[in-house]
Amino acid sequence: MTPAIQALSRWAIPILLLGIATLGLSRGVPIYESFVEGAKEGWQTALRILPYLVGMLVAIQVFQHSGALEQLIDLLSPLTNLLGFPREVLPLALMRPISGSGSLALLSQTLATFGPDSLVGRLAATVMGSSETSLYVITVYAGSVGLKRTRHTLATSLIADVAGALAALYIVLHYFA
């Protein structure tokens, strides 16, 4: 079965692209011109969101290196301790809405320190999977369409991230502890 799956995975995307091109040709779509037009739109979108991404990345670095993240962890620890949420997972839970790569680095560090089968490791992995890089997503989508007012989107996204972290805690404590 493994060679068949490997062959399928190796050929899936080329076959999909060939199928799309064949369908387009059968419907009379100018494929190359459509591709070039789409590439132009993609380039324009990338240029439009670039300032937003740069601003967000600078803000992330300031947040991490200024000590603000550590102060926020100190502030939230008494509340999260009452819930049974380990302090060791708090940096990941706080960084996940801000940065995918930063939270992935924190997850790797947590798993290397505590192990993937520990309570902390399982909770960290579950938090990673149950939350989203909300600020990045808002930055990219709002920037790509020129949306200026994201107040409710931001609040809703952050509430969803908190709900995801709490659901991760519940699942890990009830199914893995």
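The values are calculated or read from the model by the stated rules, or taken from the named source; none is laboratory data. None of these values were measured; they are calculated from a predicted model. So basically every Cβ, Gly included, is an ideal-geometry build from the backbone, and we count neighbours across all protein chains shown.
Quick rundown of the values:
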{"read-out": "Which listed residue, of ARG122, ARG149, ARG87, is over 15 Å from the mean Cα position of the chain (by Cα) and surrounded by 21 or more Cβ atoms within 10 Å (Cβ to Cβ)", "value": "ARG122"}
{"read-out": "Out of ALA112, ALA142, sole residue that is touching a Ser or Thr at 6+ places or on another chain (Cβ under 8 Å), in a helix (DSSP H, G or I) and not hydroxyl-bearing (Ser, Thr, Tyr)", "value": "ALA142"}
{"read-out": "Neighbours by Cβ (under 8 Å, 6+ apart or cross-chain): first from region 46-71, among the β-branched types (Val, Ile, Thr); second part of a helix (DSSP H, G or I)", "value": "ILE49/THR139; ILE49/VAL140; ILE49/GLY143; ILE49/SER144; ILE60/GLY102; VAL62/ALA68"}
{"read-out": "Tabulated pairs, region 1-14, first exposed (fewer than 10 other Cβ atoms within 10 Å of the Cβ), second basic (Lys, Arg), C-beta under 9 angstrom, 6+ apart or interchain", "value": "none"}
{"read-out": "Answer from GLU37, GLU33, GLU88 - the residue that is on the phi < 0 side of the Ramachandran plot, acidic (Asp, Glu), touching a helix residue (DSSP H, G or I) at 6+ places or on another chain (Cβ under 7 Å) and at pLDDT 90 or above", "value": "GLU88"}
{"read-out": "Residue under evaluation LEU158, criteria (1) in a helix (DSSP H, G or I); (2) modelled with pLDDT under 90; (3) not β-branched (Val, Ile, Thr), criterion not met", "value": "(2)"}
